[in-house]
Amino acid sequence: MLLRNIDEGCRMMSQFHNETSGLTMNRCKRCQYRKFKCSRTEPCGKCTAANVKCEYPVIDRKRTPASSEYTLSLERRVQSLESFITSLRNASHKERERMLLSVPADQLPNLPPDNQGQREVLKIHEGSSTNLELDLDGSLIFHGATSIYRVEPHGYSQSRRNPLLLRVGQAGSVATNFEHVMEHFGISSEGDVVIRALTDFFRWQYPYFMFVYREAFLRDHFGDRQSCNYWSAALLMALCALGAMVASDDKQRRLSDQFFLAAESIIMVSGLANPSIPTVQTFLCLAFYEIGRGNLSKGWSFSGIAFRMAQDLGFQRDPDNWVLHDASLGTHEDSEIRRRIYWGCYNSDKLISLILGRPVHLIYDAAEVDALKILPDGPAMEYWRPVGFEANDDDTTGGISNIPFVQEQIHLSRIVESMMTVLFPIRINQDAISRRSNLDKLNLEFLRWHESLPIFAKWTRWDTTNLNAVPGLIALHLFYNSARIALNHDNAVAGHEETERNSACQYCTTSAQNIITLVRTYRVKYDLRHSPLVLVYACVQAIRVVSTLGTPEEEEYLTQALGECSGTWALASQMQLRLVTMSPQ
């Protein structure tokens, strides 16, 4: 009898499990009455008696719960706002006005949109704020609302579209005259050293230089190189310089400086007076090369030229809005290449600003460029795929493309832009409460970004699949953790309040531990001789933390990693020497 009852009970439990497995559990918001959405639809007794409708918010129990760090950040944000409200209530009228004015607009409640007002603003914007003009030599140039070129009352005239005059991006006729410059530096564009350097660039560096579209560049390079839109001798030399930096062969590495000098010589003669797509790409490549060598002022100058030239060519406008006027936008690929250039410049601007601690140049709200799309690999691209994707034939999002990681970095760069424009400007007069409020908001934005990452872009140091991480994923999280340390380090070591110091210390130590694991992962799988520049910055930021809040073993490991990067990036060697001379004896 007992066995029969046990069997019957097991059968009923099994039936209950089968019926409810995978169903969504709902709970009435009024009386907490629970039901399974798919099997029980009757209202609860309390709601029936009150003659009201049951409200069941769907709870997805399969979703990964929010991290404790994110939850604590939300709590600190609420506490910060409560403190601000309390201070506001006790303040005088003048002090209250000053406090309200110190709060950034994005922290105020979102009001219902005024559609009529928006339409009027858009009408004004479209009618008077931007223009496309052909200059005297036929180049298509962007002009804003106050430009001296804005003499036509109705903006750009479509009748002026002349494919024979437009030379935007067509640098081939100029660039092919510089073979003698390459020969002066002992380089032949058809030589094996160029092919090896290009191979190393697309294998190791390409995930961090996505503003160069691989397929178009290689198509022009192996074509006749006449009237090329996406190839120039200077760009070829710049890519070879970056590729030779990370070569496994020491002899090939020593050619890096020759490639750079050839690229610099060509671009300084031909590039400044002839804005084009390859010219923008070349200046930005040379900027990273110089920053990596420790020539920070020169790299900063090159990057500024690249960003201003990109704006000069109008890349901050989405190409679909220009297609009627620009004869160089003949295909969907042409439009996507321009989007990649702009977003590549936008991300590069934020990384350079972080590394140098200087203001950002490109502002998100000053552009209207659509999101990036994944274009399929062209034929015979397997040989040119970045490391980590060689044997990967998965065409799904996050499969063989680095674009999904670039898209996530754009979201992250927006937070870095806020950090550099809201918290660090010298003239912004913030009291302690406003500064803490801004700091809490930025920390929450970072954690919200991290929590909302898609599956392919998620990473934690406890994940057993870390060794399968591709370089683009590692670089994305190095950038994230480095920015968090840059945001919180000063408060961690010199905060005015204990709670403020404790929370900043937690953010910094967590990010430093993540960086150590990321560096170890890259070191084991790819070798630090092939490391990206962001890894050098991450190592330095983590050393700042572990030298005061960590252990000597952690500091020693990171310093050793920095030394291994120095063979590629002279900046790593400079920072290693600086850290040694500044450390207490």
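No lab work stands behind these numbers, since they all come straight from the coordinates. Since the model is a prediction, treat every value here as computed from it, not as a measurement. Every residue, glycine as well, gets a Cβ built from its backbone with ideal geometry; the counts of neighbours run over all protein chains shown.
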Return the FRET efficiency for the residue pair residue 421, residue 179: r is the Cβ-Cβ distance, R0 is 45 Å, and the value is rounded to the nearest 0.05. 0.50
When the Cα centres of segment 520-585 and segment 247-315 are compared, how far apart do they sit, in Å? 26
Loop-resident sites, segment 181-267, for GluC sites (Glu not before Pro), counting at most 11 other Cβ within 10 Å (DSSP): 190
So which of 458/525; 350/373; 373/458; 251/298; 441/525 end up more than 24 Å apart by C-alpha? 251/298; 441/525
Can you pull out the chymotrypsin sites (Phe, Trp or Tyr not before Pro) in segment 401-506 that DSSP calls coil and that have at most 12 other Cβ atoms within 10 Å? 462
Classify segment 209-305 from the C-alpha gyration tensor, please: rounded if a/c falls under 1.5, else prolate or oblate depending on whether a/b exceeds b/c. oblate
Label-point separation in nm, residue 332 to residue 383, each point 7 Å along Cα→Cβ: 2.8
DSSP loop GluC sites (Glu not before Pro) in segment 479-585 with at most 11 other Cβ atoms within 10 Å of their Cβ, which ones? 497
Residues whose built amide H sits under 5 Å from the amide H of residue 189, excluding neighbours closer than 5 in sequence, are none
Quick one: length gained pulling residue 251 to residue 219 fully straight, 0.36 nm per residue minus the C-alpha distance? 8.7 nm
What does the C-alpha gyration tensor say about the overall shape of segment 429-582? Classify as rounded when a/c is under 1.5, otherwise prolate if a/b is larger than b/c, or oblate. oblate
